[in-house]
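The next block holds one structure in the form of structure tokens; read it before the comments.
The values are calculated or read from the model by the stated rules, or taken from the named source; none is laboratory data. Just so we're clear, the structure is a prediction, and the values are computed from it rather than from any experiment. In this analysis, Cβ positions are derived from the backbone assuming ideal geometry, glycine residues included, and neighbour counts consider all displayed protein chains. Accessible surface is based on the protein model in full, side chains and every heavy atom, while ligands, DNA and RNA are left aside. Shrake-Rupley method; radii C 1.70, N 1.55, O 1.52, S 1.80 Å.
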Amino acid sequence: MSEEVLQQVDAWISLYINKEISKPDFESLKAFVQTSAENREYVRKKLEVALSAGLAGSNKDDFDIDRAFERFESRVVEHQQLQQRFLRYRKRTMWLAAAAVLLLILLPLGSYWRGGNDVKESFADMEVVTANGSNTRLTLPDGSIVWLNAGSKITYSQGFGVDNRQLSLEGEGYFEVEHNEEIPFEVKTDDVNLRVLGTQFDFRNYKEDATVTVSLIRGKVFLDNNHNDQSFELSPNEKMTFDKSTKQMTKSSSNAVRSNSWTHHVIAFDDEPLQQIANDLMRAYNVKIEIADNLKSITFYGSFNRESDSIEDILNALSKANQMKYKYQNGKYILYK
């Protein structure tokens, strides 16, 4: 397959994604797909990347298929690439329209007519990972917005929003969920599952943390404990805390707006133990911290901005309480009495 042919096919795909393709060009693209299994797989991958990455509706002059394909293969999306791409997303209707035509063109007729299960099985899982030291903002195919904190990951199907809105979370995410009474939005973690119709909340479940928390800003959320029959409904300014040692959920009042301060680069401690603070700092600044055992349960208050305050600025401030000292040695910060 010559480079010239592929360039022409890519141009047709770009027009198709933007719903600007003419009938003759569409017939040419369709004929190319039906010529061979190799051609069908080539177009499938290109369209799959565009749809799953939220590129539908972007300006055709800005649509860089090769760059999107590289990002799809890596399956790890960096913050700046996400901002450049997802902010041009035109929401669910265009995605569904393109996906429906994609299935009609690319799936063998036999498997298509056997029913929806074959279609669902053709969707692969997408992963979005945020490395330590950074945050990521993305728009899901249903139009919901997600901020991922450092060291976090979400996984969802490329069919997200078609007949379900389920995703799994590791780490911390702040969600602004598009309302949809017919398709609930569900977040699954190892310990607690959450279900909403449309709302704003912060969900935190890092593996190394002793607790899981959900703070509700707007709307309502429904929570299920994966370890027993406990279930909760949260209202605005309420917080659920799951204790990983006892496997129990508790509910309390909370100033929930502060729960997503990290999306504005704020690191806040509100009577938190030093071990928890160290976990947050290691993720936020991508550093290693070692704590003496006799310091781990000491609690601190404080608020800092990651853009203006360095890790040493924060450690200096904490040490002024005369409860700890620190030093940098062998590539890590050591906190001691």
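Output the residues belonging to the range 208-230 that are open to solvent by less than 70 Å² (accessible area, probe 1.4 Å), free of Cβ contacts under 8 Å to residues at least 24 places away in the same chain and in contact with a strand residue (DSSP E or B) (Cβ under 6 Å, 6 or more places away or on another chain).
Listed by number, the list holds a single entry, 230.
So which residues in the range 284-298 are out of contact with any strand residue (DSSP E or B) (no Cβ under 8 Å at 6 or more places or on another chain), in a helix (DSSP H, G or I) and either surrounded by 14 or more Cβ atoms within 10 Å (Cβ to Cβ) or polar (S, T, N, Q) (or both), if there are any at all? Walk me through it before giving the result.
Step one: of the range 284-298, the residues out of contact with any strand residue (DSSP E or B) (no Cβ under 8 Å at 6 or more places or on another chain) are 285-286, 293-294.
If we keep only those that are in a helix (DSSP H, G or I) too, we end up with 285, 293-294.
Listed by number, the residues that qualify are 285, 294.
Within the group 282, 324, 249, 240, which residue is farther than 30 Å from residue 193 by Cα and either touching a helix residue (DSSP H, G or I) at 6+ places or on another chain (Cβ under 9 Å) or touching a residue at least 40 places away in the same chain (Cβ under 8 Å) (or both)? I'd like the intermediate steps shown before the answer.
Numbers: 282 fails: farther than 30 Å from residue 193 by Cα; 249 fails: farther than 30 Å from residue 193 by Cα; 240 fails: farther than 30 Å from residue 193 by Cα.
The unique qualifying residue is 324.
Okay, residues lined up against (1) open to solvent by 20 Å² or more (accessible area, probe 1.4 Å); (2) at pLDDT below 60; (3) in a helix (DSSP H, G or I):
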{"position": "15", "(1), (2), (3)": "yes, no, yes"}
{"position": "21", "(1), (2), (3)": "yes, no, no"}
{"position": "33", "(1), (2), (3)": "no, no, yes"}
{"position": "43", "(1), (2), (3)": "no, no, yes"}
{"position": "46", "(1), (2), (3)": "no, no, yes"}
{"position": "49", "(1), (2), (3)": "no, yes, yes"}
{"position": "54", "(1), (2), (3)": "no, yes, no"}
{"position": "60", "(1), (2), (3)": "yes, yes, no"}
{"position": "63", "(1), (2), (3)": "yes, yes, no"}
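Could you count how many residues in the range 299-337 are over 18 Å from residue 270 (Cβ atoms) and assigned to a strand (DSSP E or B)?
Number satisfying all stated conditions: 10.
Is there a residue being farther than 22 Å from residue 216 by Cα and among the β-branched types (Val, Ile, Thr) anywhere in the range 248-257? Step through it out loud before you land on a result.
At the first step, the residues of the range 248-257 found to be farther than 22 Å from residue 216 by Cα are none.
Looking for residues that are farther than 22 Å from residue 216 by Cα and among the β-branched types (Val, Ile, Thr), one finds none in the range 248-257, hence no.
Restricting the search to the range 267-283, which residues are open to solvent by 40 Å² or more (accessible area, probe 1.4 Å) and more than 23 Å from residue 322 (Cβ to Cβ)? Don't jump to the end; show me each part of the working.
Taking the range 267-283 first, the residues open to solvent by 40 Å² or more (accessible area, probe 1.4 Å) are 270-273, 275, 282.
Once the filter is applied, which keeps residues that are open to solvent by 40 Å² or more (accessible area, probe 1.4 Å) and more than 23 Å from residue 322 (Cβ to Cβ), the range 267-283 yields only 282.
Checking residue 248 against (1) crowded, with 19+ Cβ neighbours inside 10 Å; (2) over 22 Å from the mean Cα position of the chain (by Cα), which single condition isn't satisfied?
Result: residue 248 fails condition (1) only.
Looking at 319, 308, which one is modelled with pLDDT of 90 or more, among the small types (Gly, Ala, Ser) and open to solvent by 80 Å² or more (accessible area, probe 1.4 Å)?
Details: 319 fails: open to solvent by 80 Å² or more (accessible area, probe 1.4 Å).
After ruling out the rest, the residue left standing is 308.
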